[in-house]
Amino acid sequence: MISFSHVGKRYRGWTGKETSALTDFTLELREGEVFGLAGPNGAGKSTLISLLLGFLGPTEGQIRIDGLEPRRYVETFGIGYLSELINIPATWRVTSALERYALLAGVPQETLAQRVSDAIEQLGLGEHRKKRIRQLSKGNLQRVGLAQALLCEERIIVLDEPTHGLDPVWTQRFRDLVDGLRRPDRTILIASHNLDELARLADRVGIIDKGRLQRIVDVRVSERDDAVGTPYRLVMARGGDRVLAHFATARLISPGEFELAAAPLETVNRGLAALIQDGSLVSAVYPMRSELEQQFREAVGAQEDLR
């Protein structure tokens, strides 16, 4: 559906010096998938999205969407897009703003009012429909931005930091929203700093750093794996004094709580079974970080805890 083939993008500053934002970037996004894009600040994510939307042209290489150049595809078929920074005129009201965006997006006049009404309902904006943009909280403004991105039935949807500013309730609802947007003929790209969110939403996640694609993580496969290399947190209700007998490298974090060194799931389960057989009572055990986070740390060379 979407292909980047050896794409590079360089900028020339006012001094004449060139800066490389993307280098030899090759990637294919499939129909029917939700693809996550992760990377530190300045990694090249914004440039990549600008190239995909046709705002910029590559310095070298080729980008194709269903065989067409990005600008040609956008002009012909459109792309649903939520920008990282939402800038809507402050005096516009929610309903009229969405009506204007729907008109610009080419929604037919006979269905425009219904599409706007559906988007308002979908994003829980009913009580805010008559408010001016300047009256909205950050979270509600983010939901207006999401609503405008979903006004049409485009086959490609690009969401840049979509949960930024959303409260926990709407962050959860956003996951349901993405599940509802999945279609065999649709590709969804989500760029986010929130690795936990990408792990829950995406099928694959591309990790970009210094303008290069460092690796692609198949999240669905990773979440089914043993998560070797991931440390665990063990919380004991009783028998904390027996933990070191079964997990020799365990580290006490606080009374009754331990960090278990990275180990295969089978090894962890054997130790837990032995603890329980000894009469201990395990309250909780869970990975201290996801497989995606581990891969991200390795890919970008991060040494500090990302949380």
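Just checking: which of the strands (runs of 3 or more DSSP E) contained wholly in the stretch 17-67 hold 3 or more residues that are not hydrophobic (A, V, I, L, M, F, W, C)?
Strands (runs of 3 or more DSSP E) meeting the threshold: 18-29, 60-65.
Select from the stretch 70-94 the residues that are within 21 Å of the chain's Cα centre (by Cα), surrounded by 15 or more Cβ atoms within 10 Å (Cβ to Cβ) and aliphatic (A, V, I, L, M) and list them in ascending order.
Correct list: Ile79, Leu82, Ile86.
Please find, among Leu198, Leu151, Leu159, Leu244, the residue that is under 30 Å from Ile88 (Cα atoms) and assigned to a helix (DSSP H, G or I).
The conditions single out Leu198.
Mind telling me which of the residues Leu27, Leu22 ends up being under 20 Å from Ile188 (Cβ atoms) and not polar (S, T, N, Q)?
Going through Leu27, Leu22 in turn, just one is under 20 Å from Ile188 (Cβ atoms) and not polar (S, T, N, Q): Leu27.
Determine the pairs where a residue that is crowded, with 19+ Cβ neighbours inside 10 Å, located within the stretch 149-175, has a partner that is aromatic (Phe, Trp, Tyr) with Cβ atoms under 6 Å apart, the partner being 6 or more residues away or on another chain.
Filtered contacts from the stretch 149-175: Ala149/Tyr81; Val158/Tyr81; Thr163/Phe174.
Can you list residue pairs whose Cβ atoms sit under 7 Å apart, with the first residue in the stretch 81-108 being in the same structural domain as Glu127 (by TED's automatic domain parsing) and without any contact (Cβ under 8 Å) to a residue 24 or more places away in the chain and the second being in a helix (DSSP H, G or I) and of a type outside the set (D, E, K, R)? Count only pairs 6 or more apart in sequence or on different chains.
Qualifying pairs under 7 Å: Glu99/Leu112; Glu99/Val116; Leu103/Leu112.
Taking the conditions exactly as written (at pLDDT below 95, at negative phi, touching a strand residue (DSSP E or B) at 6+ places or on another chain (Cβ under 7 Å) and not hydrophobic (A, V, I, L, M, F, W, C)), does Glu84 satisfy them or not?
Taking the combined requirement at face value, the residue satisfies it.
Condition test on Ile65, is it among the hydrophobic types (A, V, I, L, M, F, W, C), touching a residue at least 60 places away in the same chain (Cβ under 8 Å) and closer than 20 Å to Asp185 by Cβ? Steps first, please.
Details: among the hydrophobic types (A, V, I, L, M, F, W, C): yes; touching a residue at least 60 places away in the same chain (Cβ under 8 Å): yes; closer than 20 Å to Asp185 by Cβ: yes.
For Ile65, the condition - among the hydrophobic types (A, V, I, L, M, F, W, C), touching a residue at least 60 places away in the same chain (Cβ under 8 Å) and closer than 20 Å to Asp185 by Cβ - is met.
The values are calculated or read from the model by the stated rules, or taken from the named source; none is laboratory data. If you're wondering where the values come from, they're calculated on a predicted model, not measured in any experiment. Cβ atoms come from the backbone with ideal geometry, glycine included; neighbour counts cover every protein chain shown.
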